[in-house]
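Q: First the structure, then my questions, so here it is.
The values are calculated or read from the model by the stated rules, or taken from the named source; none is laboratory data. Computed from a predicted model, the values in this text were never measured in an experiment. FYI the Cβ positions are ideal-geometry reconstructions off the backbone, even for glycines, and counts take in every protein chain you see. These area figures cover heavy atoms from the full protein model, side chains too; ligands, DNA and RNA do not enter into them. Shrake-Rupley method; radii C 1.70, N 1.55, O 1.52, S 1.80 Å.
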Amino acid sequence: WYTGQRAGVLGRLDPKTGGVERIPLGKGSASHGVIVGPDGAAWVTDGGQNAIVRVDPISKEVKAWPLPASRGGANLNTAAFDGRGRIWFTGQTGIYGRLDPATGNMDVWDAPKGVGPYGITATPLGDIYYVSLAGSFLGKPDLDTGETTVIEPKTKDAGTRRVWSDAKGRLWVSEWNVGNLSVYDPASKSWTDHKLPGDGAHAYAVYVDNKGKVWVSDFGANAILSFDPESQA
């Protein structure tokens, strides 16, 4: 699955055939992030419709849950499911929220430090963490109240942009402003920074694969980088 932001579509590529299918998401759609939920459906953060959108993988039915009218123009970014089947999302205008698909209940909160919420991830235990690019912090919302505990990175104004949990529940964070790939261990409450090679590095997307290797895209080098936590290389 992939999002076509300017076309307002959700795309699906079949690697076996090379075939591509495009599913229109609705009037004014500007699809941003997409994940596969525990139900097997594609879930999209749609900035144009200011809504969370579900696309059924079989019927292709599109269903949207708009944010409250008071939260217009949230600039929705990314999403993740917690361990209770609820989808959490970020909006760069300074919000984060939670939707329970079973009931349709949606809560939206003001983020600490205002604008900037960007990447978000779930740990194997079902906890949620998100990062703020402008606010430059890692946040852990309480799954019941929604209140965020702010976790400051080692480097001031690092520009925490994306975050991904590994199998051990450690949070790997791309730090855009300073070109770091950093990791936060909730067990020890400690950070470790890894500087990307070269001058002018800008770490953006980060992902941990099923073998524990960390992958990060570097805008400065126009490259994809890998990091092995075991060998530290």
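Q: State the percentage of accessible surface on region 133-233 attributable to carbon and sulfur atoms; use a 1.4 Å probe and exclude ligands, DNA and RNA. Intermediate values should be presented prior to the final figure.
A: Values: 2590 of 5250 Å².
About 49 percent, which is the carbon plus sulfur part of the accessible surface.
Q: Let me ask another. How do 133-144, 160-171 rank on mean C-beta neighbours within 10 Å, highest first?
A: 160-171, 133-144
Q: Could you list which residues have their amide H under 5 Å from that of ALA41, counting only those 5 or more apart in sequence or on another chain, with H placed in the peptide plane?
A: Answer set, sorted by chain and number: none.
Q: Still on this structure, I have one more. So what does GLU61 come to for accessible area, using a 1.4 Å probe and Å² rounded to 10?
A: 110
Q: With a ≥ b ≥ c the root eigenvalues of the C-alpha gyration tensor of region 1-53, is it rounded (a/c under 1.5), prolate (a/b larger than b/c) or oblate? Kindly include the intermediate steps, with their values, before the conclusion.
A: On the way: a/c = 2.64, a/b = 1.38, b/c = 1.91.
Because a/c hits 1.5 or more and a/b fails to exceed b/c, region 1-53 counts as oblate.
Q: Now for a separate question. Taking springs between alpha-carbon atoms closer than 10 angstrom, which of HIS32, HIS202, HIS194 fluctuates most in the Gaussian network model of the chain?
A: Comparing HIS32, HIS202, HIS194 in a Gaussian network model of the chain, the most mobile one is HIS194.
Q: I would also like to ask the following. For the chain, what is the accessible area per residue in Å² when the probe is 1.4 Å?
A: Per residue, the chain has 48 Å² of solvent-accessible surface.
Q: Between ASP46, ASP14, ASP209, which gets the highest mean-square fluctuation from a Gaussian network model of the chain, Cα cutoff 10 Å?
A: With Cα springs under 10 Å in the chain, the top fluctuation among ASP46, ASP14, ASP209 is at ASP14.
Q: Here's another thing I want to ask about it. Can you list the lysines whose alpha carbon is less than 27 Å from that of LYS213, not counting same-chain residues fewer than 8 positions off?
A: Within reach: LYS16, LYS140, LYS154, LYS156, LYS168, LYS189, LYS195.
Q: Given a 1.4 Å probe and every protein chain left where it sits, what share in percent of the accessible area of region 1-114 is carbon and sulfur?
A: Using a 1.4 Å probe with all protein chains present, region 1-114 comes out at 50 percent carbon and sulfur.
Q: Next question. Go through region 29-43 residue by residue and turn each phi into a ³J(HN,Hα) via Karplus (6.51, -1.76, 1.60, θ = phi - 60°); whole Hz please, and just put x for glycine and proline.
A: Each residue's phi maps through the Karplus curve to give 4, 9, 5, 10, x, 9, 9, 9, x, x, 8, x, 8, 8, 10 Hz.
Q: Follow-up. Would you list GLU152, GLU147 from the most to the least accessible area, probe 1.4 Å?
A: Solvent-accessible surface, decreasing: GLU147, GLU152.
Q: For region 134-233, with only Lys/Arg (+1) and Asp/Glu (-1) charged at the beta-carbon, what is the dipole magnitude about the Cα centre, in debye rounded to 20? Spell out each step's value before the answer.
A: Working: 11 positive and 14 negative charges, 21 e Å.
Using Cβ point charges on Lys, Arg, Asp and Glu, region 134-233 gives about 100 debye.
Q: Apply the Debye scattering formula to region 85-181, with a single equal point scatterer on each alpha-carbon and no solvent, then give log10 I(q)/I(0) at q = 0.17 Å⁻¹.
A: So the normalised log intensities are -0.68.
Q: Still on this model: Counting only other residues whose beta carbon sits under 13 Å from that of TYR204, what net charge do I get with K and R as +1, D and E as -1?
A: Surrounding charge for TYR204 is 0.
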